[in-house]
Amino acid sequence: MARVFSGVQPSGAPHLGNYLGAWSRWAREQSDGHFYCIVDLHAITIPHDPAVLRERTVDLACWLLACGLDPDAATLFVQSHVREHSECTWILNCVASMGELQRMVQFKEKSEGRDFISVGLFDYPVLQAADILLYHADEVPVGEDQRQHVELTRDIAQRFNSRFGDTFTLPRATFPKTGARIMDLQHVDRKMSKSAESPQGTIDLADSEEATRKKIMRAVTDSGSEVRAAPDKQGITNLLDMLSAATGKDVADLEAHFVGKGYGDFKREVAEAVNGVLRPVRDRYSELRDDPAAVEDLLRKGADRARAVAAATMDGVRARVGLLLR
Ligand code: TRP
């Protein structure tokens, strides 16, 4: 069975795109060879507020559990709880080149316009490589924007293996099927992302049902009146994709269902379906959020399990590199 690793930053408010595009699938496909990591060390590569980071870390754990990640099946943990991630990063730093890191598109985007660019931000992809390689992951479910980082991870792993002997598994990125990529409701040419950037275009998991409905009813559509997926009907296509992801029905069947109906009816059904899938998630979240101590306890257990794997990998790495074993 494939070993799977994925990571998610505790930054910004979790939204519908996270759920439909990634987390619902993580929950559906989870098994004991799967590791899901809240990457707090990645979140400090840009300026942050310590109290907010701490809150968001617990909050994200609540959402992931609410989405159905089962700590008895998969391993859910916080990156900084497993010190091997930092240690492995240092060693991989000595195998990664400045040139390849300079080619990372995400670094260019994230550093643009900042007057202070941390070394951590530059090194971000090496920490990500350490995350993945410590667990011998075969598959890394990510968004399209992470393709380059996973390819870099392969290159680093391959270079390490050829210099020091076979140590790391070469991972490959896997992507959500098209349709599970949810776009902003107001700016349909970009992915739904943190609500701070486009509050009306983003459905937060924490939104009320009323707010969710309003945002969907106000979503930009296109001129015309047919509910049909087409390149020149991006707004409608996005809503169809959302409905398809929420109901499990094919877009073609949905199109047939809406023949002769207007955008208003269509949007009402989308809103109902979205609120319907989110209802149990939102309910579970509120329960978990009321008992953070229990969630922290689950995270500690997750870290223990992750650590057992990561520590074994690091023993091999230290020996191969020639560090004197204590
Ligand atoms: N960089 C990833 C993102 O922004 C998050 C991440 C960190 C990650 N470590 C990872 C994803 C390891 C997959 C595997 O989405």
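Go through 186, 158 for me and flag whichever is more than 15 Å from the ligand (Cβ to nearest atom), of a type outside the set (Gly, Ala, Ser) and in a loop (DSSP other than H, G, I, E, B).
Only one candidate passes the filter, namely 186.
Restricting the first residue to the range 1-19 and requiring it to be closer than 20 Å to residue 30 by Cβ and open to solvent by 20 Å² or more (accessible area, probe 1.4 Å), which pairs with a second residue that is basic (Lys, Arg) and within 11 Å of the ligand (Cβ to nearest atom) meet a Cβ separation below 7 Å and a spacing of at least six or different chains?
none
With the checklist (1) open to solvent by less than 20 Å² (accessible area, probe 1.4 Å); (2) of a type in the set (Asp, Glu); (3) part of a loop (DSSP other than H, G, I, E, B) in hand, flag the one item residue 131 doesn't pass.
(3)
Specify which of the listed residues (122, 77) is hydrophobic (A, V, I, L, M, F, W, C), within 16 Å of the ligand (Cβ to nearest atom), assigned to a helix (DSSP H, G or I) and touching a residue at least 12 places away in the same chain (Cβ under 8 Å). Break it down into steps so the answer makes sense when it comes.
Working: 77 fails: assigned to a helix (DSSP H, G or I).
It is 122.
Let me spell it out: the conditions are (1) within 11 Å of the ligand (Cβ to nearest atom); (2) closer than 21 Å to residue 31 by Cβ; (3) crowded, with 20+ Cβ neighbours inside 10 Å, and residue 67 meets all of them except one. Which number is the exception?
With (1) within 11 Å of the ligand (Cβ to nearest atom); (2) closer than 21 Å to residue 31 by Cβ; (3) crowded, with 20+ Cβ neighbours inside 10 Å applied to residue 67, the lone miss is (1).
Surrounded by 20 or more Cβ atoms within 10 Å (Cβ to Cβ), touching a residue at least 24 places away in the same chain (Cβ under 8 Å) and closer than 26 Å to residue 203 by Cα, is that true of residue 42? Don't jump to the end; show me each part of the working.
Working: surrounded by 20 or more Cβ atoms within 10 Å (Cβ to Cβ): yes; touching a residue at least 24 places away in the same chain (Cβ under 8 Å): yes; closer than 26 Å to residue 203 by Cα: yes.
Against the criterion (surrounded by 20 or more Cβ atoms within 10 Å (Cβ to Cβ), touching a residue at least 24 places away in the same chain (Cβ under 8 Å) and closer than 26 Å to residue 203 by Cα), residue 42 qualifies.
Considering each residue of the range 125-138, count those that are more than 10 Å from the ligand (Cβ to nearest atom) and touching a strand residue (DSSP E or B) at 6+ places or on another chain (Cβ under 6 Å), and give that number.
Residues meeting the conditions: 0.
Determine the pairs where a residue that is without any contact (Cβ under 8 Å) to a residue 24 or more places away in the chain, located within the range 138-153, has a partner that is within 7 Å of the ligand (Cβ to nearest atom) and outside any helix (DSSP H, G or I) with Cβ atoms under 8 Å apart, the partner being 6 or more residues away or on another chain.
150/140; 150/142
Output the residue which, of all residues in the range 139-155 that are near the ligand (Cβ under 10 Å from one of its atoms) and out of contact with any Pro (no Cβ under 8 Å at 6 or more places or on another chain), is most open to solvent (accessible area, probe 1.4 Å).
That would be 145.
Note down all Cβ pairs under 9 Å where the first residue falls in the range 203-219 and is more than 17 Å from residue 191 (Cα to Cα), the second is open to solvent by 60 Å² or more (accessible area, probe 1.4 Å) and assigned to a helix (DSSP H, G or I), and they're at least six residues apart or on different chains.
Short answer, once both residue conditions are applied: 209/279; 213/268; 213/272; 217/268.
I'd like to check something: does the range 274-284 contain any residue that is open to solvent by less than 70 Å² (accessible area, probe 1.4 Å), at pLDDT below 95 and under 23 Å from the mean Cα position of the chain (by Cα)? Spell out the reasoning first.
Within the range 274-284, the first condition is being open to solvent by less than 70 Å² (accessible area, probe 1.4 Å), and the residues that meet it are 274-278, 281-282.
Subsequent filtering for residues that are at pLDDT below 95 retains none.
Among the residues of the range 274-284, not one is open to solvent by less than 70 Å² (accessible area, probe 1.4 Å), at pLDDT below 95 and under 23 Å from the mean Cα position of the chain (by Cα), which makes the answer no.
So is residue 11 within 20 Å of residue 122 (Cα to Cα) and modelled with pLDDT under 95 or not? So that I can check it myself, show each step before the final result.
On the way: within 20 Å of residue 122 (Cα to Cα): yes; modelled with pLDDT under 95: yes.
Criteria met by residue 11.
Please work out which one of (1) at pLDDT 95 or above; (2) surrounded by fewer than 20 Cβ atoms within 10 Å (Cβ to Cβ); (3) touching a Phe, Trp or Tyr at 6+ places or on another chain (Cβ under 7 Å) is the condition residue 91 fails and give its number.
Among (1) at pLDDT 95 or above; (2) surrounded by fewer than 20 Cβ atoms within 10 Å (Cβ to Cβ); (3) touching a Phe, Trp or Tyr at 6+ places or on another chain (Cβ under 7 Å), residue 91 violates only (3).
If you check residue 264 against the conditions, is it open to solvent by 70 Å² or more (accessible area, probe 1.4 Å) and of a type in the set (Gly, Ala, Ser)?
Working: open to solvent by 70 Å² or more (accessible area, probe 1.4 Å): no; of a type in the set (Gly, Ala, Ser): yes.
Spelling it out, it is not the case that residue 264 is open to solvent by 70 Å² or more (accessible area, probe 1.4 Å) and of a type in the set (Gly, Ala, Ser).
Across the range 180-229, what is the total count of residues that are among the β-branched types (Val, Ile, Thr), crowded, with 19+ Cβ neighbours inside 10 Å and modelled with pLDDT of 95 or more?
5
Could you go through the range 165-176 and let me know if any residue there is within 20 Å of the chain's Cα centre (by Cα) and open to solvent by 50 Å² or more (accessible area, probe 1.4 Å). Break it down stepwise before answering.
The initial filter retains those residues of the range 165-176 that are within 20 Å of the chain's Cα centre (by Cα), namely 171-176.
The next check asks that each one be open to solvent by 50 Å² or more (accessible area, probe 1.4 Å); those that pass are 172, 175.
Yes, the range 165-176 contains at least one residue that is within 20 Å of the chain's Cα centre (by Cα) and open to solvent by 50 Å² or more (accessible area, probe 1.4 Å).
In this structure, does residue 119 turn out to be modelled with pLDDT of 95 or more, of a type in the set (Val, Ile, Thr), open to solvent by 20 Å² or more (accessible area, probe 1.4 Å) and closer than 29 Å to residue 204 by Cβ? Explain how you work it out, then say what you get.
Values: modelled with pLDDT of 95 or more: yes; of a type in the set (Val, Ile, Thr): yes; open to solvent by 20 Å² or more (accessible area, probe 1.4 Å): yes; closer than 29 Å to residue 204 by Cβ: no.
Considered against the rule, which asks whether it is modelled with pLDDT of 95 or more, of a type in the set (Val, Ile, Thr), open to solvent by 20 Å² or more (accessible area, probe 1.4 Å) and closer than 29 Å to residue 204 by Cβ, residue 119 comes out as no.
The values are calculated or read from the model by the stated rules, or taken from the named source; none is laboratory data. Since this is a predicted model, take the numbers as computed values, not measurements. Ideal geometry is used to build each Cβ from the backbone, glycine not excepted, and the neighbour counts take in all protein chains shown. Please note that ligands, DNA and RNA were not included when accessible areas were found on the heavy atoms of the full protein model with its side chains. Shrake-Rupley method; radii C 1.70, N 1.55, O 1.52, S 1.80 Å.
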